[in-house]
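Below is one structure, written out as structure tokens; comments come after it.
Nothing in this text is a laboratory measurement; each read-out follows from the coordinates by a stated rule. Worth saying up front: this structure is predicted, and the values here are computed from it rather than measured. Counting neighbours? That spans all protein chains shown, and the Cβs are built from the backbone with ideal geometry, glycine included.
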């Protein structure tokens with residue numbers, strides 16, 4: 001579980017350092033997750 005209140009950079013860090021193969025996000029959070037994912041090494 002990722003704390004959305006932590007912000008884009010914290011979400012990017014969590015995604016980048018997890019072994020998760022995918023993330024599910026509510027449509028209302030899609031832009032936040034897209035911005036966070038763009039900051040990871042997975043791109």
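P(r) for the chain, please, calculated from all Cα pair distances in 5 Å bins and given in %.
For the chain, the pair-distance distribution reads 5, 25, 39, 25, 5.
Could you order the peptides 24-31, 2-9 from most to least packed, using the average number of other C-beta atoms within 10 Å per residue? Walk me through the intermediate numbers first.
Values: 24-31: 10.2, 2-9: 12.6.
Per-residue mean Cβ counts within 10 Å order the peptides as 2-9, 24-31.
Run lengths n ≥ 4 of DSSP H only: what is the helix-derived mean residue ellipticity at 222 nm for the chain, with -39500 (n - 2.57) per run over all residues, to the nearest 500?
On the way: 2 runs with 19 residues, N = 43.
Calculated mean residue ellipticity at 222 nm is -12500 deg cm²/dmol.
Nearest 10 degrees, 0 to 90: what angle lies between the long axis of helix 8-17 and the longest principal axis of the chain (Cα atoms)?
Relative to the chain, helix 8-17 is tipped by roughly 40 degrees.
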